[in-house]
């Protein structure tokens, strides 16, 4: 369980503070998925960084029950260009000082799971964007996290590749029974993958709505009436927020 209680955050710039998040509160259940969506520049990434422990709030608390292993995937994938695919995937395991044979076996398993068999000795620059994303996903999964944080990981991909990787993420989430929190600017992606959809306002961001979406990730959900209805609801909420900013 992740609990966000009254979290506020401001950045100092030019001698003054700029408010980013304003008393944000919500919960993410164990082994559930949560999509965070909102206007561009509203503070979605800052909120994710708070959840992942990369930033600390000015006020309020972020409570994660237990001491779970967490994996994080950044917007640019965070791959080291001078390391091979296998070396990138195994980095977390090396830092954990796992035995060499165990690391090699885990890398081989993930290369197969991600459809990357035969590319272990390639470098990130030799791969397509979709393949780089799968490498980043494999590296995050290598440490067998209980929680996976993702910051717009599919934003630079074409529509078909993006949909295929959404399906892959959905399978991984359900089969490995992990919690998943991700930032997206795609309404359809938020509705397809997020059992809870947190809709943020313009900066300083506050929670406009927390929508329940229990059918997220189910087979055929993209073609269902419920999917289209919820996409319309999210679009209407975000559209009202954009109108308010322009007024």
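The values are calculated or read from the model by the stated rules, or taken from the named source; none is laboratory data. Note that the structure is predicted; figures quoted are calculated from it, not measured. All Cβ positions, glycine included, derive from the backbone under ideal geometry; neighbour counts span all protein chains shown.
State whether the residues of the stretch 171-179 include one that is in a helix (DSSP H, G or I) and either crowded, with 22+ Cβ neighbours inside 10 Å or in the same structural domain as residue 111 (by TED's automatic domain parsing) (or both). No, there is no match, as no residue in the stretch 171-179 is in a helix (DSSP H, G or I) and either crowded, with 22+ Cβ neighbours inside 10 Å or in the same structural domain as residue 111 (by TED's automatic domain parsing) (or both). Checked against the criteria, residue 188 counts as within 29 Å of residue 7 (Cα to Cα) and assigned to a helix (DSSP H, G or I). Given the criteria free of Cβ contacts under 8 Å to residues at least 60 places away in the same chain, in contact with a strand residue (DSSP E or B) (Cβ under 8 Å, 6 or more places away or on another chain) and part of a helix (DSSP H, G or I), does residue 230 qualify? For residue 230, the condition - free of Cβ contacts under 8 Å to residues at least 60 places away in the same chain, in contact with a strand residue (DSSP E or B) (Cβ under 8 Å, 6 or more places away or on another chain) and part of a helix (DSSP H, G or I) - is met.
Of everything in the stretch 69-99 that's without any contact (Cβ under 8 Å) to a residue 40 or more places away in the chain and within 18 Å of residue 144 (Cβ to Cβ), which residue is surrounded by the fewest Cβ atoms within 10 Å (Cβ to Cβ)? Out of the qualifying residues, it is 97.
Out of 154, 141, one residue alone is assigned to a loop (DSSP other than H, G, I, E, B) and either out of contact with any strand residue (DSSP E or B) (no Cβ under 9 Å at 6 or more places or on another chain) or at pLDDT below 95 (or both). It is 154. Yes or no: the stretch 8-23 includes at least one residue that is under 15 Å from the mean Cα position of the chain (by Cα), at pLDDT below 95, assigned by TED's automatic domain parsing to the domain that holds residue 191 and surrounded by 14 or more Cβ atoms within 10 Å (Cβ to Cβ). No.
Any chance the stretch 47-58 includes a residue that's under 21 Å from the mean Cα position of the chain (by Cα), surrounded by fewer than 21 Cβ atoms within 10 Å (Cβ to Cβ) and assigned to a helix (DSSP H, G or I)? Scanning the stretch 47-58 turns up at least one residue that is under 21 Å from the mean Cα position of the chain (by Cα), surrounded by fewer than 21 Cβ atoms within 10 Å (Cβ to Cβ) and assigned to a helix (DSSP H, G or I). Does the stretch 204-222 contain at least one residue that is part of a helix (DSSP H, G or I), surrounded by fewer than 19 Cβ atoms within 10 Å (Cβ to Cβ) and at pLDDT 85 or above? Looking through the stretch 204-222, at least one residue is part of a helix (DSSP H, G or I), surrounded by fewer than 19 Cβ atoms within 10 Å (Cβ to Cβ) and at pLDDT 85 or above.
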